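A quick write-up on the structure given underneath.
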Amino acid sequence: MKNLEVPKIGLRTIKTSLSVFLCLVLLPSEPFFACLTCLFCIQDTLENSYNMAKNRCIGTIYGAIIGLIIMTIFKWMTINIDSVLLRKLIIYISIAIGIIIVIHSNITFLKMPGAINVSCIAFLAITTTHAFGDPYYYAFNRVFETLCGIIISLIINKTIKPPKLKQIPR
């Protein structure tokens, strides 16, 4: 029978865990998106961490803004419509058009294709889960939590035995 050797826990795993712990302590009422952001922003190099943080920050803010604009237009368009079915159809069409806007503008306007997924997630979270409620609090909270997660993870990754910057071959 072979001896089972358990792999060592790596420093990146420890830093990710510490970042999540700090998010839980500092944002005890709603830490989910901050914790999630830490999972993505602790990367193998500082450059990759900064790039991921930039994509998450801009993508979340952009997706939230487009989501709020779509929701504002939706509420204005359906103010006098009593049919729930018609209101749902209008919001579904608005969301589908919004996804096109988010994806296309990430590529052409922001020139950040790496932020497309994050932008779409923020957009869909605001427009689908808060379509008939108040999306403004959710959008603000989502952006705030994401920024907290970015800051915490970058501080941890930079201060605790930081990974080397990616070397560019000459």
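For this structure, a couple of remarks:
- Meets criteria (in contact (Cβ under 8 Å) with a residue 40 or more places away in the chain and surrounded by fewer than 15 Cβ atoms within 10 Å (Cβ to Cβ)) for TYR62: no
Residue by residue, here is whether (1) farther than 15 Å from LEU147 by Cβ; (2) in a loop (DSSP other than H, G, I, E, B); (3) charged (D, E, K, R); (4) in contact (Cβ under 8 Å) with a residue 12 or more places away in the chain holds:
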site	(1), (2), (3), (4)
GLU5	yes, yes, yes, no
LEU22	no, no, no, yes
GLN43	yes, yes, no, yes
TYR50	no, no, no, yes
ARG56	no, no, yes, yes
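- Flag if LEU36 is assigned to a helix (DSSP H, G or I) and surrounded by 17 or more Cβ atoms within 10 Å (Cβ to Cβ): yes
- Yes/no for ILE79 being surrounded by 12 or more Cβ atoms within 10 Å (Cβ to Cβ) and either in contact with a Leu (Cβ under 6 Å, 6 or more places away or on another chain) or of a type in the set (A, V, I, L, M) (or both): no
- Considered as a group, the residues in segment 1-24 that are modelled with pLDDT under 95 and among the charged types (D, E, K, R) include one that is farthest from THR159 (Cα to Cα), and that residue is LYS2.
- Residues within segment 128-152 that are touching a Phe, Trp or Tyr at 6+ places or on another chain (Cβ under 8 Å) and among the hydroxyl-bearing types (Ser, Thr, Tyr), tallied: 2
- Within this structure, THR127 passes the test of being of a type in the set (S, T, N, Q), within 20 Å of the chain's Cα centre (by Cα) and more than 16 Å from CYS57 (Cβ to Cβ).
- Verdict on THR72 being hydroxyl-bearing (Ser, Thr, Tyr) and surrounded by fewer than 20 Cβ atoms within 10 Å (Cβ to Cβ): yes
- Residue within segment 63-74 that is closer than 18 Å to ILE150 by Cα and part of a helix (DSSP H, G or I) present: yes
- Any hit, segment 111-124, residues being under 30 Å from LYS161 (Cα atoms), buried (at least 19 other Cβ atoms within 10 Å of the Cβ), in contact (Cβ under 8 Å) with a residue 60 or more places away in the chain and not hydroxyl-bearing (Ser, Thr, Tyr): yes
- From the options THR37, THR16, residue that is under 21 Å from SER119 (Cβ atoms) and of a type outside the set (D, E, K, R): THR37
- Being free of Cβ contacts under 8 Å to residues at least 12 places away in the same chain, within 19 Å of the chain's Cα centre (by Cα) and either farther than 13 Å from CYS148 by Cβ or part of a loop (DSSP other than H, G, I, E, B) (or both) is a property that PRO28 has.
The values are calculated or read from the model by the stated rules, or taken from the named source; none is laboratory data. Not measured: the values here are computed from a predicted model. Don't worry about glycine lacking a Cβ; one is built from the backbone with ideal geometry, like all the others, and counts go over all protein chains shown.
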